[in-house]
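Novice: To start, I am sharing the structure in question, which I have written as structure tokens.
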Ligand SMILES: NC(=O)c1ccc[n+]([C@@H]2O[C@H](COP(=O)([O-])OP(=O)(O)OC[C@H]3O[C@@H](n4cnc5c(N)ncnc54)[C@H](O)[C@@H]3O)[C@@H](O)[C@H]2O)c1
């Protein structure tokens, strides 16, 4: 495993381990270059899809390493946003989360509702790490947005549900987007080539 961030190698390992348990399609290469915003040691998480899995994934990262803050959430339904926000604020009071110095900073103007909520979360300048946890039909669109924005990514599986959608998950759109992101299918050149031909 590569440790590009001085002084934080151990906690990153812990973070990755927990992320893998949670089903993340994540590698060290994905996490290394740009998890931390320039000048900041904090992983600032934006959640897209405030259901059970998304809220639990935030809980996982809050317990995984030092320097994690949940800073934005988005969902198509306002009651899902409300429920997740309130659960996350409760989680910030957890002893272990406090011991790690982690937290939840979710003012209402960083809680987004609607079909374009994903754009607002992903492109929020506060966010440097995105969790995608909607139903998978939306995933290619959301992965593409996150990759284009140069954000680091934890994506729930599956990453797509159809032939046209799946290649969008690994087709980089700009040289910048090649940095800091990967997805599970990209591990297999044979699978990637076969799907791209379809
Ligand atoms: N639940 C699990 O154990 C589990 C395990 C493995 C993978 N997953 C993956 O995680 C996904 C979510 O699981 P869940 O149990 O949290 O489902 P869920 O239905 O509880 O949550 C999905 C949330 O996404 C929101 N949503 C739907 N479309 C959206 C959009 N376009 N933009 C923003 N928000 C949108 C929904 O309103 C809902 O709040 C699953 O579809 C699956 O791909 C879940």
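Novice: Consider the stretch 160-180. How many of its residues are buried (at least 16 other Cβ atoms within 10 Å of the Cβ) and at pLDDT below 85? Spell out how you get there, then give the answer.
Specialist: As a first pass, look at the stretch 160-180 and keep what is buried (at least 16 other Cβ atoms within 10 Å of the Cβ): 160, 165-170, 177, 179-180.
Of the ones still in play, those that are also at pLDDT below 85 are 160, 166-170, 177, 179-180.
Counting residues in the stretch 160-180 that are buried (at least 16 other Cβ atoms within 10 Å of the Cβ) and at pLDDT below 85 gives 9.
Novice: Among (1) within 15 Å of the ligand (Cβ to nearest atom); (2) closer than 20 Å to residue 42 by Cα; (3) crowded, with 18+ Cβ neighbours inside 10 Å; (4) modelled with pLDDT of 95 or more, there is one condition residue 112 misses while meeting the rest; what is its number?
Specialist: Tallying (1) within 15 Å of the ligand (Cβ to nearest atom); (2) closer than 20 Å to residue 42 by Cα; (3) crowded, with 18+ Cβ neighbours inside 10 Å; (4) modelled with pLDDT of 95 or more, residue 112 fails exactly one: (2).
Novice: Further question on the same structure: Can you tell which of 130, 104, 73, 48 is more than 10 Å from the ligand (Cβ to nearest atom), touching a strand residue (DSSP E or B) at 6+ places or on another chain (Cβ under 9 Å) and under 28 Å from residue 171 (Cβ atoms)?
Specialist: Numbers: 104 fails: under 28 Å from residue 171 (Cβ atoms); 73 fails: more than 10 Å from the ligand (Cβ to nearest atom); 48 fails: more than 10 Å from the ligand (Cβ to nearest atom).
When all the criteria are applied, what remains is 130.
Novice: Answer yes or no as to whether residue 20 is at pLDDT 95 or above, under 22 Å from residue 169 (Cβ atoms) and part of a helix (DSSP H, G or I).
Specialist: On the way: at pLDDT 95 or above: no; under 22 Å from residue 169 (Cβ atoms): yes; part of a helix (DSSP H, G or I): yes.
No; evaluated as a whole, the condition is false for this residue.
Novice: Quick check on my filter: what residues within the stretch 50-85 are under 20 Å from residue 124 (Cβ atoms) and more than 17 Å from the chain's Cα centre (by Cα)?
Specialist: Residues satisfying the conditions are 76, 77, 78, 80, 82.
Novice: Out of the residues in the stretch 140-158 that are within 9 Å of the ligand (Cβ to nearest atom) and more than 18 Å from residue 58 (Cβ to Cβ), state the one that is surrounded by the fewest Cβ atoms within 10 Å (Cβ to Cβ).
Specialist: Filtering the stretch 140-158 for residues that are within 9 Å of the ligand (Cβ to nearest atom) and more than 18 Å from residue 58 (Cβ to Cβ), the one surrounded by the fewest Cβ atoms within 10 Å (Cβ to Cβ) comes out as 158.
The values are calculated or read from the model by the stated rules, or taken from the named source; none is laboratory data. Keep in mind that this is a model prediction, so the values were computed, not measured. No Cβ is skipped: glycine too gets one built from the backbone with ideal geometry, and neighbour counts run over all protein chains shown.
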